[in-house]
Amino acid sequence: MTMETSRPDALLKAGIAHHAAGRAAEAESAYRAVLAAHPGHPDALHLLGVLALHHGRPDLAARLIGESIRHDPGNPAGFSNLARALHRLGQLGQARTSARVALALDPGFLDGFNTLADILSERGEHGATADALSRVLALSPWLTEPRLKRAHALLLAGRNEDAVETLMTLLGMTPLSVAGYTNMGVALRRLGRLEEAIAAYRSALGFSSGEPGTLNNLGITFQDVGRYEEAAACFRLSIAGQPDGSHAHLNLGLVARDEMRVDESITLARRAATLEPALAEAHTALGHGLLLKGELREGFAEYEWRSRMADFPSPRRDFASPVWDGSSLAGRTLLVHDEQGVGDTIMFARYAALLQTHGARVFLDCNAQLVRLLSSMPGISGVVPRYESPPPHDFHVALASLPHRLRATLYTIPAPLAYLKAEPALVESWRARLGSRRGLRIGLIWAGNPEFKGDRLRSPGLAAFRPLLDLPGVSVYGLQKGAGRRDLERCGPLPTSFVDLGADIADFADTAAIMDSLDLVVSSCTGPAHLAGALGRPTWTVLPFAPDWRWLEHGVCTPWYPSMRLFRQERRGDWSAVVARLCGMLEGLTG
């Protein structure tokens, strides 16, 4: 071997040795000496690029490594490091492509899978991230950090069962892993295995007591199971360890809200929003508290943050038109779209009709179950089912945003005795079917949508209403739809005074027609209660201890529906006292 050919190799080896020892300047000098003798030397270009990448120069690194690849297109490490440089530059699509080329060149390249996983994670492709990390673990099963990263990616992808399995393996390898137990708690809570989640969080705290994030997570899980004192204690400890922790302040406020300490909940939500001004959950919680107090102007302004929450349950809507900002509507066409449950749609529909007085032509986009019912509402030019092509319009706005846009107050709620009406032909049809029963005729709805987060608290179930069914002089008609109908099988034989109509109700137009023929509607806090109120029918609505904001903090009446009476729980979870009060009033009516 001649001196001319051996010198670049020696310089390259010296550069690699300096590089490994952290002597960056000496390594750079050696690599540049190689390039001075051989300007296109691929290894020197590649390693000089890696050096630039390690010292915060991803732009220079991308150029150098790209040049190296042009001279040696078969080097998987070159493509992997180019991917890392492009990742740092924010060019995630090109970075992903480069990482995949590295793996095509060497399907067993461990660093290539790690690089690809980091890029996919940055792109929000969490399922693909987990799959890439599974290849890392297949190549090197004893690594723990990629296993923890995979569990986290699985959680973000919603693959909670897989996350539990991955974390079980991790904790078998590293039984003192605080992050392992914490992530296990998250996965188990999402699966509804709440007691196991509590145990996992407590294990994490056993190894790292006072960790604010884990305390916050444990508090949320205590809240889920109704252990509010323990939840509050966790949040206070979290705040003690991290006084500027916005989420712990928010969650402590939610506990106060659950315990109907409304003023305290407002104070804590304001504090959370001050600590983290972009925290949509804090603003929304503040809005709920203010609305519960009847402070509608500020409450609805804060409620506008709801759609920015990470777990906002309503689907995002994309319309070509701009959002209506409250400007003049004279001569304009406005598309108002629903957003949440049918109860909200019925309650807020009064504001859509009100827009006609502002000179607007109004179309309503809503749940298909409500199209027939709302089509006859005065002030609405047309109703279209959700996701069908809407008519041409100048602006669009969410139905629940109208009170804010119209600067609503407690004293300006448009609340006529009735603003919806049943179809006359349907009323006659159902009236004939109901026949002529003597005594008081009552429609009953005992449960809401179980997918609603707080449904277990607001839905008494049919068994709770059994005393109502046994009252003399009363005929009860079951108007229940959905999952609540399972109660009919669980409650055993029911008295002949009970007639189930729910199986034959097609939509809310049918429900409205039936209600028109009844003396009274008794309902849990769910859509049909709003329907009965909007029809002006006498309605008794039973409410949980911590009711939804629209029912206000106190009182037996509601400004939303003049014909409605509210029956509130005095103790959390105690429906028996509520139903006893209700039956007592009915006995007085029936004599």
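Check Glu302 against each of (1) touching a helix residue (DSSP H, G or I) at 6+ places or on another chain (Cβ under 6 Å); (2) within 22 Å of Gly219 (Cα to Cα); (3) among the acidic types (Asp, Glu) and name the one condition it does not meet. Unmet for Glu302, out of (1) touching a helix residue (DSSP H, G or I) at 6+ places or on another chain (Cβ under 6 Å); (2) within 22 Å of Gly219 (Cα to Cα); (3) among the acidic types (Asp, Glu): (2).
Annotation note: Cβ proximity below 8 Å between a residue of segment 91-105 that is closer than 14 Å to Ile65 by Cβ and a residue that is buried (at least 17 other Cβ atoms within 10 Å of the Cβ) and basic (Lys, Arg) (sequence gap 6+ or interchain) occurs for Ala95/Arg84.
Just one residue in the set Ala130, Ala30, Ala104, Ala61 is within 30 Å of Ala163 (Cα to Cα), surrounded by 21 or more Cβ atoms within 10 Å (Cβ to Cβ) and of a type in the set (Gly, Ala, Ser); that residue is Ala130. Scanning segment 388-407 for residues that are over 16 Å from Asp325 (Cβ atoms) and of a type in the set (Gly, Ala, Ser) turns up just one, Ser389.
Residues checked against (1) crowded, with 16+ Cβ neighbours inside 10 Å; (2) more than 21 Å from the chain's Cα centre (by Cα); (3) in the same structural domain as Trp549 (by TED's automatic domain parsing):
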position: Gly192; (1), (2), (3): no, no, no
position: Glu195; (1), (2), (3): no, yes, no
position: Ile198; (1), (2), (3): yes, yes, no
position: Ser203; (1), (2), (3): yes, yes, no
position: Gly210; (1), (2), (3): no, yes, no
position: Thr221; (1), (2), (3): yes, no, no
position: Cys234; (1), (2), (3): yes, yes, no
position: Ile239; (1), (2), (3): yes, yes, no
position: Leu252; (1), (2), (3): yes, no, no
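Select, from Asp344, Asp365, Asp325, the only residue that is among the acidic types (Asp, Glu), within 21 Å of Ser563 (Cα to Cα) and either assigned to a loop (DSSP other than H, G, I, E, B) or under 24 Å from the mean Cα position of the chain (by Cα) (or both). Going through Asp344, Asp365, Asp325 in turn, just one is among the acidic types (Asp, Glu), within 21 Å of Ser563 (Cα to Cα) and either assigned to a loop (DSSP other than H, G, I, E, B) or under 24 Å from the mean Cα position of the chain (by Cα) (or both): Asp344.
Matching residues to (1) free of Cβ contacts under 8 Å to residues at least 12 places away in the same chain; (2) assigned to a helix (DSSP H, G or I); (3) in contact with a Lys or Arg (Cβ under 6 Å, 6 or more places away or on another chain):
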residue: Ser475; (1), (2), (3): no, no, yes
residue: Asp487; (1), (2), (3): no, yes, no
residue: Pro493; (1), (2), (3): yes, no, no
residue: His530; (1), (2), (3): no, yes, no
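Please verify whether segment 552-565 includes one or more residues that are touching a residue at least 24 places away in the same chain (Cβ under 8 Å) and on the phi > 0 side of the Ramachandran plot. Yes, some residue in segment 552-565 is touching a residue at least 24 places away in the same chain (Cβ under 8 Å) and on the phi > 0 side of the Ramachandran plot. Every test in (1) small (Gly, Ala, Ser); (2) touching a Lys or Arg at 6+ places or on another chain (Cβ under 7 Å); (3) under 24 Å from Tyr561 (Cβ atoms) is passed by Ser381 save one, and that test is (3).
Looking across Ser389, Ser459, Ser401, one residue alone is exposed (fewer than 15 other Cβ atoms within 10 Å of the Cβ) and either closer than 20 Å to Leu329 by Cβ or among the polar types (S, T, N, Q) (or both). It is Ser389. Applying the criterion of being more than 27 Å from Asp344 (Cβ to Cβ) and in contact with a helix residue (DSSP H, G or I) (Cβ under 9 Å, 6 or more places away or on another chain) to the residues of segment 555-591, the residue that is surrounded by the most Cβ atoms within 10 Å (Cβ to Cβ) is Leu586. Number of residues in segment 429-443 that are within 13 Å of Thr511 (Cα to Cα) and among the charged types (D, E, K, R): the value is 1. Of the numbered criteria (1) modelled with pLDDT of 95 or more; (2) surrounded by 16 or more Cβ atoms within 10 Å (Cβ to Cβ); (3) under 27 Å from the mean Cα position of the chain (by Cα), the one Leu170 fails is (3). Report whether or not His54 is under 24 Å from Leu103 (Cα atoms) and touching a Ser or Thr at 6+ places or on another chain (Cβ under 6 Å). No. Considering segment 64-101 alone, what residues qualify as being touching a Pro at 6+ places or on another chain (Cβ under 8 Å), surrounded by 18 or more Cβ atoms within 10 Å (Cβ to Cβ) and either in a loop (DSSP other than H, G, I, E, B) or among the polar types (S, T, N, Q) (or both)? Listed by number, the residues that qualify are Ser68, Asn75. Here Leu364 clears all of (1) closer than 20 Å to Asp507 by Cβ; (2) modelled with pLDDT under 95 except the condition numbered (2). For segment 462-489, filtering for residues that are crowded, with 17+ Cβ neighbours inside 10 Å and either under 19 Å from Leu520 (Cα atoms) or not assigned by TED's automatic domain parsing to the domain that holds Asp519 (or both) leaves 14.
The values are calculated or read from the model by the stated rules, or taken from the named source; none is laboratory data. This one's a predicted model, so the numbers in the text were calculated from it and none came from an experiment. Counting neighbours? That spans all protein chains shown, and the Cβs are built from the backbone with ideal geometry, glycine included.
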